[in-house]
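Contents: one structure, followed by commentary.
Laboratory data are not the source of any read-out in this text; all were calculated from the coordinates shown. Treat the numbers as computed from the prediction; the structure is a model and nothing was measured. Neighbour counts run over all protein chains shown; Cβ positions are idealised from the backbone, glycine included.
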């Protein structure tokens, strides 16, 4: 099946620093990737839709200047949490949309998530 | 807009008990329906899916039937195991509306005790 990786899996940083999270589709190309945020014991909240070669589309209430998304290639999207604060601590999950070919056509595949802790 | 409502947890069952997790949806189009599972400390995994009315998705002993008349996609398993302890998410996606993302329910935490 299709594989999506995320790096790092866990990160602890100091307040005020920036953290970059990478999401890669390892065996398929993905024009579209999604970034979700999951609070403890809650559902996944869609933050933004990342489109290769164009600007990301952010959901209402998500600060685009704080959560910078770059989708520079068909296999890589990055989420940078700028000037992180303790309230940004969360589990961030990316998802890549397989848009071409195979039995999993048009299916979303999820990365394993990145747990961010801001001290 | 599209939305998913699933039963609140947590659900605690003894091993070999019967499991039902209710899920209903609201959609403007004709969505595909999914159940995802999240084991402790891990990411989401697709458990099963159904793409049209009356389809039954099944995997690992779990099954769910796409009921258009009741807009439901309830998850069932006849005999749960301790290893089934996880959070289960019902989700929908309208495959005919471009590259729209999955819409998730709030998740139901299942704990199975020996």
Potential lengthening between residue B:52 and residue B:16 on full extension [0.36 nm per residue; Cα-Cα distance subtracted] | 9.9 nm
Can you pull the mean other chain C-beta count within 10 Å for peptide B:93-104?
-> 5
What per residue convex hull volume, in Å³, comes out for the range A:1-84 when only alpha-carbon positions are used?
-> 108
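Need one value for A:28-41: mean number of C-beta atoms belonging to other chains within 10 Å of its residues' C-beta atoms.
Mean partner shielding for this stretch: 2.
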Would you mind giving the mean number of other chain beta-carbons within 10 Å of the Cβ of each residue in B:42-50, as a whole number?
-> 4
Return the whole-Å distance between the Cα centroid of the range B:1-25 and the Cα centroid of the range A:19-44.
-> 25
Sticking with the crude label model, points 7 Å out along Cα→Cβ, report the distance from residue A:65 to residue A:7 in nm, one decimal please.
-> 3.1
Relative contact order (percent) for chain A, with alpha-carbon contacts under 8 angstrom and 6 or more residues of separation?
-> 36
